[in-house]
Amino acid sequence: MKTRYLVENSGPVNIMAVADEEVPKLYDKHDRYRKDEYEGIDIILSCGDLSYHYLNYMADVAHCNVYNVFGNHDERFPDDEPTGCIPIDGKFSVIKNIRILGLGGSMKYRNCIKHQYTEEEMAKKVKKLRKTIDKHNGLDILVTHAPAFGINDGTDLCHTGFKVFNELIDEYSPKYFIHGHMHQNYGKYPRITQYKNTTIINAFQYYKFEYVFDEPEGL
């Protein structure tokens, strides 16, 4: 197990996680939005299947960056990223002193579609990132579209979780694992699940939480 990145005198970071379905009170094309929903938000993490117009709107209103991974329905996204929306899919990033790993896409259930992977293909993506993860002594937040295998995933191939995500959680014990893909109106999928030392968040629509850094040892 890797130790978490401990930052002395770092205040909490307010995070909004979003995924899968646009929420009218967060997005009003006539600008009658509720500013209080975005008040104090430091970063927005998108777990996929949301339009760039929606994400870019959020960045403008919240005055912060949106970091996104791709969902299985994001094959039509433009190549050029809009201002304020930063892709972290297949990347390790340190954002506001938080170590974040982004892995988009779902289990492959159709041929010739972007952002779908077999278990082996996703494992190869993770393997390429392990040196970077280890160089930074682990990760704090794992951001994905699909869930982990056997933890609030579905029974059909499309909604089956990836086993390699379980391996990442077991090995690095991130503080949070945030995913989308499992619409809460599909079934009784919980918003929050605790798995060992990791809090798992289903970001369907949106969820806000506060990231608090661990205190350095010896203080």
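We did not get these values from a lab; they are worked out from the coordinates using the rules stated. Keep in mind the model is a prediction, meaning the values are calculated, not measured. All Cβ positions, even for glycine, are placed from backbone atoms using ideal geometry, and neighbour counts span all protein chains on display.
Highest mean first, how do 119-129, 93-103, 63-73 rank when packing is the count of other Cβ atoms within 10 Å averaged over residues?
63-73, 93-103, 119-129
Could you tell me what percent of the DSSP beta bridges with both partners in segment 96-219 are antiparallel, to the nearest 5?
If I count the DSSP bridges inside segment 96-219, around 20 percent turn out antiparallel.
When the Kirkwood radius is taken over all Cα pairs of segment 13-211, what Stokes-Einstein diffusion coefficient follows at 20 °C and 1.002 mPa s, in µm²/s?
Using the Kirkwood radius from Cα pairs, D works out to 128 µm²/s.
Could you work out the local net charge near GLN194, counting Lys and Arg as +1, Asp and Glu as -1, over the other residues with Cβ closer than 15 Å to its Cβ?
Working: positive: LYS175, ARG191, LYS196; negative: ASP170.
That sum, taken over residues with Cβ under 15 Å, equals +2.
Taking the Cα centre of segment 13-211 as origin, work out the dipole magnitude from +1 charges on Lys and Arg Cβ and -1 charges on Asp and Glu Cβ, in debye rounded to 20.
The calculation lands at about 480 debye.
So which lysines can LYS127 reach, going by Cα to Cα under 27 Å and dropping same-chain residues fewer than 8 places off?
LYS2, LYS91, LYS96, LYS108, LYS114, LYS135, LYS163, LYS175, LYS196
Give me Rg/Rg_expected for segment 11-71, where Rg uses Cα atoms only and Rg_expected = 2.2 N^0.38 Å with N residues.
This ratio for segment 11-71 stands at 1.04.
Sort 205-214, 136-145, 169-178 for me by packing, meaning the mean count of neighbouring Cβ atoms within 10 Å per residue, highest on top.
Ranked from most to least packed, the peptides come out as 136-145, 169-178, 205-214.
So in segment 13-211, what percent of DSSP beta bridges are antiparallel if you round to the nearest 5?
40 percent
What number do you get for segment 131-172 when its Cα radius of gyration is normalised by 2.2 N^0.38 Å, N = residues?
So segment 131-172 has a normalised radius of gyration of 1.30.
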